[in-house]
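Engineer: Got a structure for you, questions after.
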Amino acid sequence: MHFLVLGASAGGGLPQWNCGCRNCEDARKGLIPPSGQSSLAVSPDGVRWSILNASPDIRQQMLDNPKMHPRALRDTPVASVLLTNGDIDHIAGLLSLREQTPFSLFATGDILDVLAQNRIFDAVNREKVERTRISLDQDFALQDGLQARLFAVPGKVPLFMEGDSVQTNLIGEQTVGVRLTTGEKVAYYIPGCAQITPALLDQLVDADQLFFDGTLWDDDEMIRTGTGVKTGQRMGHISVSGADGSIEGLKGIAAAKTYIHINNTNPMLQPNGPERAFVEAAGWTIAYDGQEITI
């Protein structure tokens, strides 16, 4: 399997348009690389690609990566798009893919319902882009030669669907992880996860490669930095660090492990910082735009 990181950041990207935090300022100055909102492309052959989550930055991401360029007058190497939740940073890019070129769109029923309830997505012509409802824990062909399986991970409904009371560790179709295989190697993509559960650990035992939620370093990061008022748990994201964080929770998983969906405030983005050193010493890498991984 071939992977191409189209966007490594969480919602808003790096730098975020309205943020003057250290990471955003360093990205503007060229001291650390900027990155677009979370999206990962996967291919069984390096020719035909499936996109996991359609970020609002997808037009620029496809422009920046020649593997995504058309090879004829009206053409795309993109065979399919798969959505792991209904968040704006994962679905808004569909509106940039409305130019009457066919591809397949896969998601759970709950996520497809989010699209159906927002009529702006009718601009993506259903006669050209077939929407396929995928049941949890069932294998399906994401494209020829590439099998996928969706499974529930703890999460929440999209921000724009929140009510007065929000459950942030829902288990169901609203937040899913993806198992990918070509028959030999197995990879997992989980850009949003609120908690490491025994069921998740059982799911990951066959992983050769894991792309996992790296949104925040610690739970009160945005409050502490003055960039927000919500904890990571309130946003449905597990922390990287700490006794309840993903480094500790996933230390028994033998796969190559890569953090993706990284918030602009996360200090592990600093290349010479102690947080980056801690992550790398724990055997993790940090995704960046344009990164290519083959397993």
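Engineer: Report the Cα centroid-to-centroid distance between the stretch 84-130 and the stretch 258-277 in angstrom, as an integer.
Structural biologist: 31 Å
Engineer: Mind checking the dipole of the chain: about its Cα centre, +1 per Lys or Arg Cβ, -1 per Asp or Glu Cβ, Debye to the nearest 20?
Structural biologist: The dipole magnitude comes to about 620 debye.
Engineer: What area, in nm² and to one decimal, does the C-alpha convex hull of the chain cast on average over all directions?
Structural biologist: Computed as one quarter of the Cα hull surface, the answer is 14.6 nm².
Engineer: Quote to one decimal, in nm, the extra length available between residue 169 and residue 119 on full extension: 0.36 nm per residue of separation minus the C-alpha distance between them.
Structural biologist: Stretched fully, the residue 169-residue 119 segment lengthens by 15.2 nm.
Engineer: Using a cut-off of 9 Å between beta-carbons, work out the net charge of the residues near residue 34 (Lys and Arg +1, Asp and Glu -1, residue 34 not included).
Structural biologist: 0
Engineer: Let me ask you something else. Using only the Cα atoms of the stretch 30-184, what do you get for the radius of gyration and for Dmax, in Å?
Structural biologist: When restricted to Cα atoms, the stretch 30-184 yields Rg and Dmax of 15.7, 50 Å.
Engineer: Further, regarding this structure: Beyond 17 Å, what share of the Cα-Cα pairs of the stretch 39-93 remains, rounded to the nearest whole percent?
Structural biologist: Counting pairs separated by more than 17 Å, the tail of P(r) holds 34 percent.
Engineer: Tell me, what are the semi-axes, in whole angstrom and largest first, of the equivalent ellipsoid of the stretch 214-295 as set by the roots of 5 times the Cα gyration tensor eigenvalues?
Structural biologist: Three semi-axes, in Å: 21, 15, 12.
Engineer: Could I ask something else about it? Are any of the pairs 67/185; 156/251; 156/257; 67/128; 185/230; 67/230 more than 29 Å apart by Cα-Cα distance, and if so, which?
Structural biologist: Over 29 Å apart, Cα to Cα: 185/230; 67/230.
Engineer: Can you give the log10 of the normalised intensity I(q)/I(0) at q = 0.23, 0.30 Å⁻¹, computed with Debye over equal Cα scatterers of the stretch 114-177?
Structural biologist: Normalising to I(0) and taking log10 leaves -1.09, -1.17.
Engineer: Give me the percent of DSSP beta bridges within the chain that run antiparallel, rounded to the nearest 5.
Structural biologist: Working: 28 of 55 bridges.
Of those bridges, close to 50 percent are antiparallel.
Engineer: Right, another one. Rounded to the nearest 500 deg cm²/dmol, what is the calculated helix-only ellipticity per residue at 222 nm for the chain, with -39500 (n - 2.57) per DSSP H run of length n ≥ 4?
Structural biologist: Working: 8 runs with 50 residues, N = 295.
My calculation for the chain gives -4000 deg cm²/dmol from helical runs alone.
Engineer: Could you check what % of the DSSP bridge pairs in the stretch 93-149 are antiparallel, to the nearest 5?
Structural biologist: About 45 percent, rounded to the nearest 5.
Since every read-out is calculated from the coordinates, none of them should be taken as a lab result. Quantities reported herein were computed from a predicted structural model and do not represent experimental measurements. Glycine gets a Cβ as well: all are built from the backbone with ideal geometry, and neighbour counts include every protein chain shown.
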